[in-house]
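I have placed the structure first, in the form of structure tokens, so that the comments after it can refer back to it.
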Amino acid sequence: MSGLRGLAGRLMPTSLGGRLLAGSALFTLIALLFTLGLMWQVLSRFVTGQIDQRLDNKIVALSSQLRVAPDRRITLEGDADGPPFDKRHHHAFWFIRGPANDLHSRWLQPSDFVPPADAEIATLPTPPPPIGADDELSALERDGRPQTLVTSGPGGLAMHMRVARRSIGGVPVTIFVAAPVESITHPMREALTTISIAVAGLGLALIAAALVQVRLGLRPLGRLRREVAAVRDGRAALLPVAQPAEIEPLVTELNALLAQNAANLERARRHVANLAHGLKTPLATLALSLERMPGDDGAAARKLATLVERRIRHHLARARAAALEGPARSRTPLAVRLGDLGDALARIHAGRQVVFALECPPEAAIACEPQDVDEIFGNLLDNAFKYTRERVACEVREVGRQTIVEIADDGPGLSAQEIARVLRPGQRLDEDIPGYGFGLPIARELVELYGGTLALAGRERGLVVTVRLPAAR
């Protein structure tokens with residue numbers, strides 16, 4: 001049993017639509033086969049009944065023509081060999097067995113048919129009387145209704161035979177009237193062939209209708225998938241409540257879950273904001289106190305205070321990204337955001353006349369929180385403006401489900417060993433330029449928190465920073 005279940009599981013399509021279509025096709029096939037079988041039975045009874053009626057009429061005709069001589073010999077008045085009993089190629093014949101002699105169709109040879117014995121005939125089942133039989137037929141069959149016998153005839157041909165026992169002038173006779181079994185099966189095959197073609201066409205039409213029905217029935221699920229994707233990409237906050245009755249409870253539960261997640265997210269953000277506010281004042285007070293501390297100890301303490309402030313900002317950013325549970329519902333357009341950052345930094349470095357070139361499609365967006373976008377690209381663009389000679393170029397392009405941002409400067413660039421160093425917190429290569437060495441590590445960690453990558457590559461003149469982040473569709 002378990003083996004059959006395993007085989008059925010392997011054969012069953014994995015998609016819901018495929019399962020519905022396979023089930024519909026299977027039950028349609030079973031219903032059509034059952035219909036064909038039922039039609040075969042109905043046709044068999046109808047055609048056999050028609051043949052039996054014609055053979056029984058022949059028995060009645062032969063009974064009316066039979067005469068008995070004083071010596072108990074039987075004879076026929078008139079011609080009993082009308083069509084189809086007159087030609088050998090028709091294969092239909094009649095045979096009468098009397099007490100003193102036998103009579104049969106003219107073309108029938110003695111070797112063509114050997115009538116069964118009376119004992120064999122007595123064992124044949126007697127059919128029930130016909131429903132609504134008229135008085136004339138009942139009178140003619142008062143000695144017993146004809147019985148059916150399937151036997152071999154001329155040339156071994158299968159014959160459908162009707163056998164009746166009659167009493168003519170007090171003399172018992174047995175009348176055999178036969179037609180080829182082919183006369184029953186041939187019209188049945190022809191009729192069933194036509195019916196099978198019609199049933200096959202009906203089956204194909206039913207399967208096509210089932211396919212259309214499955215597609216129409218599953219269309220709300222496809223629409224629901226797109227609506228869930230819109231929520232995930234940040235283009236919608238909740239799912240539309242207007243849904244089919246079967247899907248509406250599921251959508252209600254999903255909306256309740258989304259609302260609960262949004263509430264949890266808001267609480268987490270408030271906690272992070274409260275923590276940032278609670279630490280900001282003590283740190284500011286500490287920084288002011290350390291400003292008045294002279295000597296190397298004061299400088300070291302101020303450096304440590306700045307390090308603490310950077311570390312707090314870093315871990316607050318991580319807490320903010322963790323509260324979002326990933327980038328699923330965030331969406332930040334890049335064109336305006338990067339343009340504002342570039343313009344602000346260009347004004348800060350106005351004395352050096354740095355040119356900022358931005359190439360970004362208007363629709364480009366990433367699945368990140370806006371404040372984290374500012375943190376990531378603010379640090380990267382700030383470094384580029386600090387070290388460039390004349391120009392900072394920023395190019396944005398979308399590849400599949402990712403957005404790639406490349407920031408290139410024409411500064412001194414970095415070697416592979418220097419790239420490995422600057423990605424470690426607190427590491428600086430040029431002490432003459434203001435900074436603490438935390439910008440790149442923080443940017444990289446934030447990028448990785450959103451499932452992206454940050455890579456640095458030196459070139460003949462300058463440095464290229466490549467950021468890959470999930471695109472917001």
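Taking the centroid of alpha carbons for each part, region 49-63 and region 67-120 are 15 Å apart.
Given Cα positions, please report Rg to Rh for region 327-403, the hydrodynamic radius being the Kirkwood one. When Rh is taken as the Kirkwood radius, the ratio is 0.99.
For region 341-404, applying the loop criterion from DSSP together with a ceiling of 16 other beta carbons within 10 Å to the trypsin sites (Lys or Arg not before Pro) yields Arg389, Arg401.
Where a number appears in this text, it was derived from the coordinates with a stated rule and is not lab data. Just so it is clear, the structure is predicted and the values come from calculations on it, not from any experiment. A quick note on method: Cβ atoms are made from the backbone with ideal geometry, for glycine too, and the neighbour counts reach across all protein chains shown.
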